[in-house]
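The structure's right below; bear with me while I get my questions together.
The values are calculated or read from the model by the stated rules, or taken from the named source; none is laboratory data. These numbers come from a predicted model, not from an experiment. Cβ sites come from the backbone with ideal geometry, for glycine too, and all protein chains shown count toward neighbours. SASA here: full protein model, heavy atoms, side chains in, ligands and nucleic acids out. Shrake-Rupley method; radii C 1.70, N 1.55, O 1.52, S 1.80 Å.
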Amino acid sequence: MKNLVVLTGAGMSAESGISTFRDAGGLWERYPVEQVATPEGYAANPKLVINFYNERRKQLLSVQPNKGHLLLAELENQFKVTVITQNVDNLHERAGSRNVIHLHGELTKVTSSLQPNNPKFIRELRPENYEVHWGDKADDGSQLRPFIVWFGEPVPMIEKAIEYTESADIFVIIGTSLNVYPAAGLLNYVRPGVPVYLIDPKEVKVTSGHKINVIRKGASEGMEELKNVLQKEFV
Ligand code: APR
């Protein structure tokens, strides 16, 4: 089976009703990014940050994977699929994707404020316990914080993402403005000659030597088109 590696961003979940970040009306227009998505913002007002992610987590209970997520999961019948996502929601998993790398963390998990990347302290929350309170402690006694990679923090999963990207026989990009590094740089690790597809309803500026096959559609319609193309060309 061919290795199909897919990089996804907020646009992947837009049709499920989760806001993107940089589109008009996006999250970063409504919440100051330095307040809710940086270590400095967390240090300045931890309660506000904890609540912001409680709200995001609560939203998971009312949204469903969209057709794009489902079609992507179905491709596992014909390809060895790796999903590298910048999204912190769990919609790829809920759609059935089995190999998902979360570059920017996961809403459903919490960790230590002192050692956020120490696996000893990372905990998965059950839906009935999605609300984290100020005063809830990690096993090292520090305040429980969201398991989210904030701006300015290391991105430990990038190493694994690079390895998969280097092994890709087909590379697909869905619903990301490619503004945020290191995720946006993954395309540089795709081997020369590997077909690259990009699904996005808007124009995305891509700087790379690869020829990009652009499918200018939303995630669901775009995935339908991609599925047909892949079936014709690679199965
Ligand atoms: N289907 C596919 N793509 C869509 C759809 C849709 N229905 N609607 C919007 N898009 C596209 C937009 O055109 C845009 O190119 O999704 C992209 C969303 O871009 P951003 O909002 O910048 O989101 P993303 O690229 O995922 O952001 C990267 O930035 O703030 C951080 O950590 C956060 O992981 C996030 C990272």
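Relative to the longest principal Cα axis of the chain, at what angle does helix 219-234 sit, 0 to 90 degrees, rounded to 10?
40
Additional query: Using a probe of 1.4 angstrom, how much of the accessible area of segment 151-235 is carbon and sulfur, in percent?
50
Less than 17 Å from a label point 7 Å out along the Cα-to-Cβ axis of Asp139: which backbone N atoms in segment 83-120 qualify, by residue?
What the label zone holds, given the 17 Å backbone N cut-off, is 109-120.
With a/c under 1.5 counting as rounded, go ahead and sort segment 172-235 into rounded, prolate or oblate using the C-alpha gyration tensor (a ≥ b ≥ c being the square roots of the eigenvalues; past the cut-off, prolate if a/b is larger than b/c, else oblate).
In terms of gyration-tensor shape, oblate.
Here's something else I'd like to know. Say R0 is 22 Å: what FRET efficiency, to the nearest 0.05, do Phe234 and Gln64 get from their beta-carbon distance?
0.15
Now for a separate question. How much of the DSSP bridge set in segment 135-235 is antiparallel, in percent, rounded to the nearest 5? Before the final figure, lay out each step's value.
Numbers: 1 of 9 bridges.
Roughly 10 percent of the beta bridges in segment 135-235 run antiparallel, per DSSP.
At 222 nm, what helix-only mean residue ellipticity would the chain give, in deg cm²/dmol to the nearest 500, using -39500 (n - 2.57) for each DSSP H run of four or more?
Mean residue ellipticity at 222 nm (helix-derived): -8000 deg cm²/dmol.
On a straight-distance basis, which lysines could pair with Lys205 in a cross-link, Cα separation under 16 angstrom, same-chain partners fewer than 8 positions away excluded?
Lys217
Here's something else I'd like to know. Which percentage, to the nearest 5, of the DSSP beta bridges contained in segment 1-154 is antiparallel?
45
Sticking with this one: Say the dipole of the chain comes from +1 at the beta carbon of Lys and Arg and -1 at that of Asp and Glu; which of Trp150, Phe234, Pro127 then lies farthest toward its positive end?
Sorting the options by dipole projection puts first Phe234.
Which value, in debye to the nearest 20, gives the size of the charge dipole of the chain about its Cα centre, when Lys and Arg are +1 and Asp and Glu are -1 at the Cβ?
Dipole about the Cα centre, nearest 20: 180 debye.
Please arrange Glu131, Glu15 by accessible surface area, largest first, computed with a 1.4 Å probe and ligands excluded.
On the way: Glu131 115, Glu15 95 Å².
Highest to lowest solvent-accessible surface, that is Glu131, Glu15.
Would you mind checking which residues have amide H under 5 Å from Val81's amide H? H placed 1.01 Å from N; only 5 or more apart, or other chain.
Leu4
Further question on the same structure: What are the lysines whose alpha-carbon lies under 26 Å from the alpha-carbon of Lys109, with same-chain residues fewer than 8 places away excluded?
Lys47, Lys58, Lys67, Lys120, Lys137, Lys160
Show me the ranking of peptides 60-68, 166-174, 119-127 by mean Cβ neighbours inside 10 Å, starting with the highest.
Numbers: 60-68: 16.8, 166-174: 21.1, 119-127: 12.8.
Peptide ranking by packing, descending: 166-174, 60-68, 119-127.
To the nearest 20 Debye, how big is the dipole of segment 47-102 about its Cα centre, given +1 on the beta carbon of each Lys and Arg and -1 on that of each Asp and Glu?
For segment 47-102, the charge dipole is close to 200 debye.
Let me ask something else. Can you work out the PRE-style zone for Glu40? Point 7 Å along Cα to Cβ, and I want the residues of segment 117-157 with backbone N under 19 Å.
Only 149-155 pass the distance filter.
Expressed as a whole number of Å, what is the distance separating the alpha-carbon centroids of segment 23-60 and segment 87-143?
Comparing the Cα centres of segment 87-143 and segment 23-60, I get a distance of 16 Å.
Roll a 1.4 Å probe over the protein chains and send me the accessible area per residue for segment 41-152 in Å².
46
If you average 1/r over all unlike Cα pairs in segment 98-235 and invert the result, what Kirkwood radius do you get in angstrom? Provide the component values of the computation, followed by the final result.
Details: mean 1/r = 0.0576 Å⁻¹.
17.4 Å is the Kirkwood radius here.
Here is a further query. Taking only Cα atoms, what is the 0 to 90° angle, nearest 10, from helix 46-60's long axis to the longest principal axis of the chain?
40
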